[in-house]
1. Taking θ as phi - 60°, what are the ³J(HN,Hα) couplings along segment 37-43 by the Karplus curve (6.51, -1.76, 1.60), each to the nearest whole Hz, with x for Gly and Pro?
2. Got a sec? Charge dipole of segment 1-70, +1 on Cβ for Lys and Arg, -1 for Asp and Glu; which of THR33, THR13, LEU67 is way out at the positive end?
3. Kindly put PHE15, PHE44, PHE90 in sequence by how many other C-beta atoms sit within 10 Å of each C-beta, fewest to most.
4. Add -39500 (n - 2.57) for each DSSP H run of 4 or more in the chain, then divide by its residues: what number comes out at 222 nm, to the nearest 500 deg cm²/dmol?
5. If eta is 1.567 mPa s and T is 4 °C, what Stokes-Einstein diffusion coefficient results for the chain, Kirkwood Rh from Cα pairs, in µm²/s?
6. When the dipole is taken about the Cα centre of the chain, and only Lys, Arg (+1) and Asp, Glu (-1) are charged at their Cβ, what size is it in debye, to the nearest 20?
7. Order of MET64, MET19, MET87, MET31 from fewest to most other C-beta atoms within 10 Å?
8. Using only the Cα atoms of segment 22-63, build the gyration tensor, take square roots of its eigenvalues as a ≥ b ≥ c, and label the shape rounded, prolate or oblate: rounded if a/c is under 1.5, else prolate if a/b is larger than b/c, else oblate.
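No value in this document is a laboratory result; all are computed from the given coordinates. Just so it is clear, the structure is predicted and the values come from calculations on it, not from any experiment. Note that we place each Cβ from the backbone using ideal geometry, even for glycine, and neighbour counts take in every protein chain shown.
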Amino acid sequence: MSLAIDYVNAVFTVFLVVMVIRILLSWIPAMPTGRVTGALWRFFHESTEWYLRPFRRIIPPLGMFDLSPIVALIVLYVVNAVVVRVMEAF
């Protein structure tokens, strides 16, 4: 069972890293126009937008600050902890 828990932790960690990169890329005012940089920007945007969209609907931005990614990261940590605890119980 330890291997399955390690796998779940790895998946959550990869998604967490992708989310953090997406948050950092959100500070860039416009999408990069280069072929590689544009493709990377689109990858990080499209791979996390499905998760961030519900949080953006619930939490409105405060001026120019969008707090929804912070809440999304906290929820991701909690879900990871719950899933691992449930897996450890079995």
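1. Rounded to whole hertz, the list is 5, x, 5, 5, 4, 4, 4.
2. THR33
3. Going from least to most buried by this count: PHE90, PHE15, PHE44.
4. Using -39500 (n - 2.57) per qualifying helix, the result is -27500 deg cm²/dmol.
5. It diffuses with D of about 88 µm²/s by this estimate.
6. Rounded to the nearest 20 debye, it is 260 debye.
7. Ranking MET64, MET19, MET87, MET31 by Cβ neighbours within 10 Å, fewest first, gives MET64, MET31, MET87, MET19.
8. Taking the square roots of the gyration eigenvalues as a ≥ b ≥ c, segment 22-63 is oblate.
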